[in-house]
Structure formats: structure tokens, C-alpha cells
1. State the extension gain, in nm to one decimal, for the chain segment bounded by ASP85 and ALA612, taking 0.36 nm per residue of separation less the distance between their alpha-carbons.
2. With a ≥ b ≥ c the root eigenvalues of the C-alpha gyration tensor of region 79-172, is it rounded (a/c under 1.5), prolate (a/b larger than b/c) or oblate?
3. Averaged per residue, what accessible area in Å² does region 365-421 show with a 1.4 Å probe, protein chains only?
4. Give me the one-decimal nm value for the distance between modelled label points at GLU518 and GLU347, 7 Å along each residue's Cα-to-Cβ direction.
5. What's the local net charge at ALA523, with K and R +1, D and E -1, over the other residues with C-beta under 12 Å away?
6. Roll a 1.4 angstrom probe over the protein heavy atoms and tell me the percent of accessible area of the chain that is carbon or sulfur.
7. Quick one: give the max-minus-min coordinate of the C-alpha atoms of region 476-575 along each principal axis, largest first, in Å.
8. Given the Cα-Cα distance of ARG15 and ASP369 and 0.36 nm per residue of separation, how much length would full extension add, in nm?
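The values are calculated or read from the model by the stated rules, or taken from the named source; none is laboratory data. Since we're looking at a predicted model, the values are computed, not measured. Note that we place each Cβ from the backbone using ideal geometry, even for glycine, and neighbour counts take in every protein chain shown. Just so you know, the surface numbers come from the protein's heavy atoms only, side chains and all, with ligands and any DNA or RNA stripped out. Shrake-Rupley method; radii C 1.70, N 1.55, O 1.52, S 1.80 Å.
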Amino acid sequence: MPKPVSDHEPDAASRPDPAITEALRLLGKRRLALAIHDSCLPGLPGDDIGRGALYSRGALEFLAFIRGLGFDTIQLGPLGQTPRDDPSPYNATVFSRNILNLDLRGLAAAGEGAGLLDPGALERRVRDAPCGDGSRSVHGHAFDAGQGMLEEIHRNFAAARHRGDPRALKLDAELRLFSGRNRGWLQPEALYHVLRRHHGGRHHRDWPVTDADCPDAALYQHGGEREGACRSRREALFAAHRDALECYRLGQFLVQRQHALFHAEAKGLGLRLYGDLQVGLSGCDEWVRGGLLLADYRMGAPPSRTNREGQPWGYGVYDPDQYLEADGAPGPVLRFLHARVEKMLEELDGLRIDHPHGFVCPWVYRADDPDPYHAVQHGARLFSSPQLVDHPDLGRFAIAKVEQLDQAVPRYADGWVRWLRPDQVGRYALLLDTVVSVVREHGGSSEDIPCEVLSTLPYPVASAIRRQGLGRFRVTQKADLFNRDDVYRSENAEARDWIMVGTHDTPPIWHLARQWVEDGDRARQEADELAARLVPPPERERFARELAGDRNKLVHAKWADVFASPAEQVMVFFADLLGQEQIYNRAGVVDAENWTLRVPRDYATAFPRAAARGEALNLHCVLALALQGRGRDFAHLHWELIQRLRQQAGWWFAG
């Protein structure tokens, strides 16, 4: 791992240009976040096993580079452990962290890693990694390599401990303390991963029945008369797999230790780290905590303007009967969520709420329907279905009453629930309020809670986020150019919102803008809209023609519109920063290339050259345009700063 931040000061390359900082201040921007998932981070040639590693030197160098561009926040994805056959971070564990983020080079160093990993073994794994130039992650290979090296680390640790090596004995004491403090989640999750490997890496729903009284797939889901048998079975498995379980615990301990150092480094650079509170639970979490979930329903996304078929995610649904105890105290579900968010806020500075609808009023569908798409298209809102013929079981969970519904619209429509009393809003908001309260207990504010509300905002969700002062996402590439009231239009943003051109689920703006220019009509429509917002009337026709025929200028004007908007928080997905056209994730589609895009290793030299040509995001150019877009009087008052930005931007203003 890198040295603690207290041992050095950030170098000049990691300090933003004062002109960028001043422009952001004048535009009222309180956060400028780069969104990037851990697997996308660049590696160095000597430690890249096929995916990004958050705690590696390569990742830290990239963060310092990003800070130097003017960003003050890094929006990470979920950091949990993913299975070998699924690289999606949104199917990761919520307590266990991903061992593939370990700084392996540090563990191979005699001083920092106490010789836990043979440098030769790391070199062989790196040499064998089929990742070419590092622009795509190779999840399966990285998973095998990471697991193999963790097992070697554990063997070396156990051997050193047996010899009485003082460093190993110290590590053993620290590991025991960590394991004791985190026993509640660590012990069962370790057992799950050991059993999953034993059963060929399959999801626990597909494990064979080895014991009729207490099958492996349900070791933590039986109560009553079967609980004694299951407890005995668990104890037997703990004894039989003692070494493998300790290996898992050691991996989690090393991840926690390295994360603490990495977080300190990020703070030293002036960067906040935000996590991602994914709405779904992993297979591991369902196995350990299945008793918190409804047996007959799954969570998904209903049909929407961007996905008309809906998305049957298959996630478990929290049992509303377990939100609260009979006396109104937090019940098992709220206690679990509180512990989950508490752990995140011990490690990070804020969190993105993934699909907040799922925490307020999830769209649910029958688990026993053999066609999941049919099921999700005919689903219902968990708390807004008081009297549905096809979902009679949901009636007892209903918060909204029949007279509060507009049954002339589809049940997934934003206007299905027309009004609510304040006490009803409070009941809808129980989970969301819990999340926000933990963030505030840790010194955070609403600015530290990006809330992923996209095209749909049902009345209960809108009411729940409004009472906490949270904003929504404004994704401008999705804006309807012919509807002035469209939620994605920049002029409709509010100060509390997060605004962006795209997300990890949308095509990069560089890809879209190329299509728009080739199409012609769409480029002209976009150009006319942008000209109307960014330049005074006498210049609009010329400016629009300029944009419509030049992809790079169109992209930069699109970003200038974002920075000129009323929203005080801006988020940039890494592909949109770097000028990449490859799609990171095709939402709702199974694609072998999903979740594999990475930052190229040569970013430090390639990006400045591309930005100077307008082929990657040139922030000096964007901010100059945004300041001018605030009007003639504003631009005149700050003309000296605009000129400095234009000079630094070059390219567009060079002539």
C-alpha cells in the first residue's frame, strides 16, 4: 500500500488549476464527482491481474490525476464481493468487500506485506493475465488469480504463525480481533462462499439437497423445530472447513486494512469517496438473511420510457412485517439496513442511493411465474396496491387507500397514487429515513446522498425524498427536446439535484453525438437548444451551425449546458471524461462486454492530448462556455477569468 497520507503532501499535479476552482464556485457547483467502478480503474504493468484494484498504486495515481483536473469527489460503485460468473457490482455482497481490490504488490513487499505473497507468484499471475493493453477487465481470470493468491497468502501466513514469526503472530491477533468484532456477518458469509465453491460456484438456489432436514441452501432460514438440526449442521461445517473459513476472514481483514489507508490517501488529495447503496441483495445476502424477505415476490423495474419491457431483476423483497417491532422500535429489517449503512459510512464519505424506489415503494412481481418478463410487466407497487385482483396478497401491506389512487392510469405510472397524508408518507419513507439518518449521524448532508431517480418518480417516492431535502438525477442526453416540462432538461433542474450528461447505464456522449451528427436532424435540434441557452440571440444561428457539424463541439456544449444549469452537483462518468465511445453497460441486456470497460493505462499522456484536440472532456473549454451562458452582464463581470479559461482550453478558441 502507499505510505500514509501524513507522510507526504500532494504534488503539484494533483492540485487543480485555480481557474477551474473559481469557475466552479461562480457557477454555484458544490460537488464535481467522477463516477467510476472499482473494476474500471487502471492498473500498472507489474500488478494488473485483469481488473482494476481500488487499493493499488495504479488506482491512487489515477485519483491524484483526477483531483488535478478539478474533481473533488469519486463516486464508486458497490464494493462487495462478486461471484466468478457475474461481474456486475450490483449483485455484490453488502457486508463482505471484494478481495480483487487488494494491493497485491504491497502484500508481496517484504516491508509492508511482511512477505505474505511471493513476488514471483504475482509476476506469473500478471504475465498470464489475458488483458492486453488493460482497456477491458477479464473478470473470470481476475477472480481465479485473486482467489489463488489469497490462498497462497493464507498458507504463508499460517506457516509463519506456526514458526512463531512475530509479524505473523501480531497479524493473527489483529485478525482474531477483527473476526470477533464482525462475527455477525463475517462467519455466515465466509461459510456461504466456502459452500458455493464446494457446490461448483452455483447460486444457492441450485445447490443439491444433501440433508433433507437442513439442506445447505437453507442453513440460515429454518426456525422452530429444525433450528437445532441446522445449528448442528453449521457447527459441523465450521469445523470441517476451518482453514478455508480463516482464509476468507483473512481476505476481509486485509481489505479493511488497505481500505482505511486508501481512504486516508484520498482525503489527503482533497477527494471524498462515495459508495453505492445498491437496491438488490446478492445471493450470499439472501442465503444468510432470507428470513427478512418475502417468499413469494421478487423486485424489478416496471415498464418505463427507456425500457418498455421492464426488468425482472430477481432481487429479494424485504418483508414489511419486519420493518418495525410491535412497540414501534426498529425491527429486523431496519436494524439490518442501519448496520449496512453504518458500515458504509465508516469506510466512505457519502453514498449514492441506487433505485430509491426500491427503498420506498418497490415494484414487485410473482416469484412463481415461469416467465419473468410476463411477471414484471404485470407486477405492482408493494405499498400502493390495496385492492388488486391479481395481487390480493399485497392488500395487507397497502399504505395508500383505494380513494387515493388514479386507476385510469397504469399501476406503474407516476400518478397512480394521487395524494398522501403526512403520516402515510412517513410509513413509505421508513427505509429511506433510516439511510439518511445514518449519513447525518456521520456528519454528512443531503449533498452527500446522490439519489438515482431517473425518468419515473411516483408520488410516494417524490414525497419521501422531498421530506429529506434530496434531489434527483438529471441525465441530459435523455432529454425530450420537444417537451419543455421534461425532467431531464437542464433548465428544469433544482439546486439540490445531481446533473450529468450520462451514467454507467447510458451510451457515452461521444458515441451518441457521433450518431447525432451523422443523422443530421438530431444534431441540428440539439444545437438549436444549446445555442438558445449558451449564447445571446445575435450569435445563435452561427453557434448552432458550428455545433451541428462538429461532434466534439456538440459534446462540449452539451457539458457547458450541464455546468450552467441550476443544479449544484455535477457527476461525470469516466467514459464521458476520457472521450471513450465503448458502452460500459447495456442496461437490461445480457452482454459479455457489460461491466468490462476500463481506464486505458496510458490515460496520463493520452487524455491531455485528446482534450487539447477536443476529443476528450476539456473542462477549461466547458467552463468558459458555461460562464458565458450565464448572460452578457455575468460574462462581462468575469471576462478576465473566461479569457484565462479560453487560453488554457486552446482548441475551440485557438483561432
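1. Numbers: separation 527, 0.36 × 527 = 189.72 nm, distance 4.01 nm.
Taking ASP85 through ALA612 to full extension adds about 185.7 nm, to one decimal.
2. Numbers: a/c = 2.60, a/b = 1.54, b/c = 1.69.
Taking the square roots of the gyration eigenvalues as a ≥ b ≥ c, region 79-172 is oblate.
3. Working: 3000 Å² over 57 residues.
That works out to 53 Å² per residue.
4. Computed distance between label sites GLU518 and GLU347 equals 4.1 nm.
5. Working: positive: ARG514, ARG522, ARG524, ARG545, ARG551, LYS553, LYS558; negative: GLU518, ASP519, ASP521, GLU526, ASP528, GLU529, GLU546, ASP550.
That sum, taken over residues with Cβ under 12 Å, equals -1.
6. Summing carbon and sulfur atoms, their accessible area is 49 percent of the total for the chain.
7. 34, 28, 22
8. Working: separation 354, 0.36 × 354 = 127.44 nm, distance 5.55 nm.
This chain segment gains 121.9 nm when fully extended.
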